[in-house]
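Laboratory data are not the source of any read-out in this text; all were calculated from the coordinates shown. Keep in mind the model is a prediction, meaning the values are calculated, not measured. Every residue, glycine among them, receives a Cβ derived from its backbone with ideal geometry; neighbour counts consider all protein chains shown.
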């Protein structure tokens, strides 16, 4: 993936992770992006605070996504192939990039604006798992725009939707 694609992916993960937390839409019970968590994490991770927040929310979101979608040869925003996970981790270690992605976690409105800006077009999110492409689509930037649009619609409509990638047999 290119740097631009990784930044888009980082922004989607940060925005969805933030919006899914208990203080926003309550899809998962974590609060890694809350003010109290930020105060706690700042002295521990002064240069990688967003990376640590994103790692925490990813673990929480992965549990719910895996429960609803399943595991195996299935991937989603919070469980990517190992090479993409490592690239995303390295990418979020950069302070400038983390700052841009972190801006989306300031308020729910900014997170929604970010998802809507990334989303290619409006998408109607069905409740539950939503197949968005095969495993090759994981590296297609257009597919990630669709994922952003699905999450934006799901949060706006007040329903849980879980876009995922898997080869269909």
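Only helical runs count toward this figure. For the chain, summing -39,500 (n - 2.57) over DSSP H runs of n ≥ 4 and dividing by all residues gives -18000 deg cm²/dmol at 222 nm. In terms of packing, defined here as the mean over residues of other Cβ atoms within 10 angstrom, the peptides 96-109, 3-16 line up highest first as 3-16, 96-109. Alpha carbon centre of the stretch 57-96 versus the stretch 99-113: separation in Å? Here the two parts' Cα centres lie 19 Å apart.
Relative contact order, whole percent, for the chain stands at 27, derived from Cα pairs under 8 Å and 6 or more residues apart. If one takes the longest principal axis of the Cα atoms in the chain, at what angle in degrees, from 0 to 90 and to the nearest 10, does the Cα axis of helix 49-69 lie? Long axis of 49-69 versus the principal axis of the chain: about 30 degrees. Over all orientations, the chain has a Cα convex hull whose mean projected area works out to 8.8 square nanometres.
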